[in-house]
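Asks: Can you read through this structure? Questions will come right after.
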Amino acid sequence: MFRNDAYHPDHFSCTHCGKELTAEARELKGELYCLPCHDKMGVPICGACRRPIEGRVVNALGKQWHVEHFVCAKCEKPFLGHRHYEKKGLAYCETHYNQLFGDVCYNCGRVIEGDVVSALNKAWCVNCFSCSTCNGKLTLKNKFVEFDMKPVCKRCYEKFPLELKKRLKKLSELAARKAHPKSVGLNSA
């Protein structure tokens, strides 16, 4: 029986080579083929269901997929032509990629969607990167100073007591020397 039709075993054969078909038979455009003949025809096989793909094909992650079977590894919703993000051989929608692997803002603690400001060895939302004293918005083009591991704008820094500015400058110079130590030359005899 195949699709509610009865066949004699010797009439249930591959369209290409004539061999008797088994449960491994594949259908393509209304014709039946044995697995070896089908594979030789170059019909792509879905990476999810392992069935032949006759319609639209998605090529991703080094495999081919039915459009409806190429899904987010977390929520399992099909991408249906929408953008996907790859990590460790799996595909994710933007929401789940950001939740699992995105940068977290140092200030608000949320996953950063969109542009990331990288400063002071931290990641910040564009809207959260501001002076820790006056809350004035900063960009990487603004001059700012690190104080207590947070950015301080030039205007607020100028209001700091002179003694504090001297200590901050000394700490900054010490950190720069540790980051870039001078090489010691060898005296030749």
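Asks: Restricting attention to the range 78-89, does a residue exist that is under 30 Å from residue 118 (Cβ atoms) and in contact with a strand residue (DSSP E or B) (Cβ under 6 Å, 6 or more places away or on another chain)? Talk me through it step by step, then tell me what you get.
Replies: Of the range 78-89, the ones under 30 Å from residue 118 (Cβ atoms) are 79, 82-89.
Among the residues that remain, those that are also in contact with a strand residue (DSSP E or B) (Cβ under 6 Å, 6 or more places away or on another chain) are: 84-85.
Yes, some residue in the range 78-89 is under 30 Å from residue 118 (Cβ atoms) and in contact with a strand residue (DSSP E or B) (Cβ under 6 Å, 6 or more places away or on another chain).
Asks: Any residue in the range 102-112 that is crowded, with 16+ Cβ neighbours inside 10 Å, small (Gly, Ala, Ser) and in contact with a Phe, Trp or Tyr (Cβ under 8 Å, 6 or more places away or on another chain)?
Replies: no
Asks: Of all residues in the range 17-56, which are more than 25 Å from residue 80 (Cβ to Cβ), crowded, with 16+ Cβ neighbours inside 10 Å and without any contact (Cβ under 8 Å) to a residue 24 or more places away in the chain?
Replies: 21, 25, 33, 34, 37, 38
Asks: Sort out which residues of the range 113-130 are closer than 25 Å to residue 70 by Cα and open to solvent by 70 Å² or more (accessible area, probe 1.4 Å), and write them in order of number. Break it down stepwise before answering.
Replies: Going through the range 113-130, the residues closer than 25 Å to residue 70 by Cα turn out to be 113-114.
Residue satisfying the conditions is 113 alone.
Asks: Let me ask something else. How many residues does the range 57-79 hold that are open to solvent by 100 Å² or more (accessible area, probe 1.4 Å) and touching an Asp or Glu at 6+ places or on another chain (Cβ under 8 Å)? Explain how you work it out, then say what you get.
Replies: Our first condition is that a residue be open to solvent by 100 Å² or more (accessible area, probe 1.4 Å); within the range 57-79, this holds for 59, 63, 68, 74, 76-77.
From the residues that got through so far, the ones that are touching an Asp or Glu at 6+ places or on another chain (Cβ under 8 Å) too are none.
Final tally of qualifying residues: 0.
Asks: Enumerate the pairs (first residue in the range 58-81 and farther than 17 Å from residue 97 by Cβ; second residue anywhere and open to solvent by 90 Å² or more (accessible area, probe 1.4 Å) and modelled with pLDDT under 95) with beta-carbon separation below 7 Å, excluding pairs fewer than 6 apart on the same chain, so at least 6 apart or on different chains.
Replies: 67/56; 67/80
Asks: Can we say residue 90 is open to solvent by 70 Å² or more (accessible area, probe 1.4 Å), touching a residue at least 12 places away in the same chain (Cβ under 8 Å) and under 30 Å from residue 67 (Cα atoms)?
Replies: Details: open to solvent by 70 Å² or more (accessible area, probe 1.4 Å): yes; touching a residue at least 12 places away in the same chain (Cβ under 8 Å): yes; under 30 Å from residue 67 (Cα atoms): yes.
For residue 90, the condition - open to solvent by 70 Å² or more (accessible area, probe 1.4 Å), touching a residue at least 12 places away in the same chain (Cβ under 8 Å) and under 30 Å from residue 67 (Cα atoms) - is met.
Asks: Counting only residues that are in contact with a His (Cβ under 7 Å, 6 or more places away or on another chain) and of a type outside the set (D, E, K, R), how many does the range 61-89 have? Don't jump to the end; show me each part of the working.
Replies: From the range 61-89, those in contact with a His (Cβ under 7 Å, 6 or more places away or on another chain) are 72, 74-75; that's our starting set.
This time we only want the ones that are of a type outside the set (D, E, K, R), so: 72, 75.
Count: 2.
Asks: Scan 75, 93, 128 and give me the residue that is hydrophobic (A, V, I, L, M, F, W, C), at pLDDT 90 or above and touching a helix residue (DSSP H, G or I) at 6+ places or on another chain (Cβ under 9 Å). Quick ask: steps written out before the conclusion?
Replies: On the way: 93 fails: touching a helix residue (DSSP H, G or I) at 6+ places or on another chain (Cβ under 9 Å); 128 fails: touching a helix residue (DSSP H, G or I) at 6+ places or on another chain (Cβ under 9 Å).
75 is the lone residue from the list that is hydrophobic (A, V, I, L, M, F, W, C), at pLDDT 90 or above and touching a helix residue (DSSP H, G or I) at 6+ places or on another chain (Cβ under 9 Å).
The values are calculated or read from the model by the stated rules, or taken from the named source; none is laboratory data. Just so you know, these numbers come straight off a predicted model, no measurement behind them. Here the Cβ is made from the backbone with ideal geometry for all residues, glycine too, and neighbour counts use every protein chain on show. Ligands, DNA and RNA are stripped out before the accessible areas are found, and what is left, the full protein with its side chains, is counted by its heavy atoms. Shrake-Rupley method; radii C 1.70, N 1.55, O 1.52, S 1.80 Å.
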